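This report concerns only the one structure given below.
The values are calculated or read from the model by the stated rules, or taken from the named source; none is laboratory data. The model shown is predicted, which means the values in this text are computed figures rather than measured ones. Note that we place each Cβ from the backbone using ideal geometry, even for glycine, and neighbour counts take in every protein chain shown. Accessible surface is based on the protein model in full, side chains and every heavy atom, while ligands, DNA and RNA are left aside. Shrake-Rupley method; radii C 1.70, N 1.55, O 1.52, S 1.80 Å.
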Amino acid sequence: MPITVEIKVSPSEIENEIFIKQEIRNNCKETLPEKFFYTIARRNIDARAKSIWYVLKIEVHFTEITQTKVEFNFKNVRNEKEVYIIGAGPCGYFAALHLLRLGIKPIVIERGKDAQKRRRDLKAIQQEGIVNPHSNYCFGEGGAGTYSDGKLYTRSDKRGNIKDVLNLLVYHGASEEILVDVHPHIGSNKLPALVQNIRKTIIEHGGEVRFDNYLEDLECNSDKIINITVNGTKIKAENIILCTGHSARDIFELLARNKIEIDCKEFALGVRIEHSQTLIDEVQYKQNPRHPNLPAASYSLACQVNNKGVFSFCMCPGGLIVPASTSPGEIVVNGMSLSRRDSPFANSGMVTAVDEKDFSAFNKFGSLQGMHYQKSIEQKVFNAGDGTQRAPSQRLMDFLNNKVSSSLPESSYIPGLCSVSLQSILPKEIITRLKDGLIEFGKKQPRYLTNEAVLVATESRTSSPVKIPRDKLTCQHIRIKNLFPAGEGAGYAGGILSAALDGIRVAEALYQLKVE
Ligand SMILES: Cc1cc2nc3c(=O)[nH]c(=O)nc-3n(C[C@H](O)[C@H](O)[C@H](O)COP(=O)(O)OP(=O)(O)OC[C@H]3O[C@@H](n4cnc5c(N)ncnc54)[C@H](O)[C@@H]3O)c2cc1C
């Protein structure tokens, strides 16, 4: 058994093994022999005080450590029972990997292109404002997770075996650092290769992945889906894991049309806020420039305004704001970063919770009222711009003072910004909550309220506007027994890690039912 020791090391010594060994010796309750070995089990940064520390949980060993890669027992499933997985996002791909371990053949149906070909469509949105409704920042191999920030945080370890997902990610090409860092991050330069490796595993073991395959219709009776229609062809699918993400509005509409129960769900909506990374580093680390051994600093802010949450969301240090629309005629923004996190900008969602009270003007849409509310705002934001993906924006202090910005600061958002009063396009309640929230955050975080920061509209795809109800244990839809709603779009995940965990959970539940 290794001995566990916790030590604190300054950024300048974090790569100095001799120093670290001495610190281990100084902090270990036992007297250590002259020769010992160590591994870092957990790494965190403590930037609360004036001095910044790496806090390391160390495991001390007395014999040389041989690092063995975790292996997985993926079975050959070529001739085994089939399960259709709709959506090749983190949920779909991890459900497929788990089915391989269980000896079931996954057939993944994905409307978008493979990760490589998808790049061309991302370039078209960024540079020409052309949105391909099947291939964009949300749709295509790896789903919304591929060209994302790749933060691997989840608030709850009750959702499943996080270590298993991290090990699967490392097996498919992620750095082993993600096993150690308290706030692991992959970066969108590394994620495309990783999702392609996952596809290789699925195919090598007899599973299938079909790109440019769009689930457009289904036929069901009182408790079963009989056929699904993919690219005009009817397929008899015995069991379907539906994990099409929070942006597949056509899927929500398809379910509603077929009277398959779905519920309206609250989500969060607002803007993306962008500061200079140097300012965030100065405030968080009290250093300028930050020590080269420190990553770009991040922040997390939250408060309550009129009993509604206002909070920073998916903060991307050293990142870029990206156009995440999935249809022409709307503007949606999100954030991503490369593994180095070295852009001069720090962006974050700045959002507030919205629920049925906010959607009341759309209640004629029943369970899809939140979705229609979300869509109407995205379209209004588009119409307030110049007909491209240039995003309506306002400097932060101008927003607080109800003033249209006479100029806008430089931004990482490639399609460009246009100066518009956000008060004139976002609902009044959202504006009020965001303003009060920002003022509160200004009290918590020095220099946060600056006119050098810009608010970019609109951050609206924070989570799904619906929940597809399923049985807690079997994960079957509450009525349609061969439908297994999963992942973020169905309301069971919020982020890459939790979507992957839910994919595994649903695959396992399906296996326990002994699929026909
Ligand atoms: C720019 C950006 C940055 C992000 N950064 C982070 C981050 O740093 N950390 C984090 O945890 N999360 C991040 N997220 C969120 C994260 O990507 C999602 O939570 C996660 O991908 C959800 O996984 P999922 O598998 O449930 O759905 P998705 O990833 O949305 O995948 C759904 C898939 O279904 C496919 N599909 C939809 N409709 C159909 C159909 N009719 N037929 C066939 N296929 C269909 C889609 O094309 C898509 O590939 C980010 C998202 C974006 C857009």
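Within the chain, what whole-number % of the accessible surface is contributed by carbon and sulfur, with the 1.4 Å probe and all protein chains included in the calculation? Before the final figure, lay out each step's value.
Values: 10910 of 22370 Å².
Here it works out to 49 percent.
With only Lys, Arg, Asp and Glu charged, each at its Cβ (+1 for the first two, -1 for the last two), find how big the charge dipole of the chain is about the Cα centre; round to the nearest 20 debye.
420
Taking N as the number of residues in the range 266-459, what is its alpha-carbon radius of gyration divided by 2.2 N^0.38 Å?
On the way: Rg = 16.3 Å, N = 194, 2.2 N^0.38 = 16.3 Å.
So the Cα radius of gyration is 1.00 times the expected 2.2 N^0.38 Å.
Taking 8 Å as the Cα distance limit and 6 or more residues as the minimum spacing, I'd like the relative contact order of the chain as a percentage. Could you put the intermediate results ahead of the total?
Details: 1227 pairs, mean separation 94.1, N = 516.
Here the relative contact order equals 18 percent.
How high is the relative contact order of the range 266-459, in percent, counting Cα pairs under 8 Å that sit 6 or more residues apart? Don't skip to the answer; put the middle values down first.
Values: 422 pairs, mean separation 55.8, N = 194.
After rounding, I find 29 percent.
Please say if the range 72-122 is rounded, prolate or oblate, where rounded means a/c under 1.5 for a ≥ b ≥ c the square roots of the C-alpha gyration tensor eigenvalues, and otherwise the choice is prolate for a/b larger than b/c and oblate otherwise? If you can, show how the numbers build up before the last one.
Values: a/c = 2.67, a/b = 2.23, b/c = 1.19.
Cα axes put the range 72-122 in the prolate bin.
Over the range 25-106, what number does the Rg to Rh ratio reach, with both radii from the alpha-carbon atoms and Rh per Kirkwood? Don't skip to the end; give the middle numbers.
Details: Rg = 22.1 Å, Rh = 17.5 Å.
Value, to two decimals: 1.26.
State the percent of C-alpha pairs, over all pairs in the chain, separated by a distance greater than 45 angstrom.
Value for the chain: 16 percent of Cα pairs lie more than 45 Å apart.
What number comes out for accessible area per residue over the chain if the probe is 1.4 Å? Units Å², please.
Working: 22370 Å² over 516 residues.
Value for the chain: 43 Å² per residue.
Between the range 1-77 and the range 447-516, what's the alpha-carbon centroid distance in Å?
35
Using the alpha-carbon centroid of each, what span in Å lies between the range 317-340 and the range 180-225?
Here the answer is 21 Å between Cα centres.
How large is the translational diffusion coefficient of the range 3-61 in µm² per second when you combine the Kirkwood radius over alpha carbon pairs with Stokes-Einstein at 10 °C and 1.306 mPa s?
On the way: Rh = 11.7 Å.
Using the Kirkwood radius from Cα pairs, D works out to 135 µm²/s.
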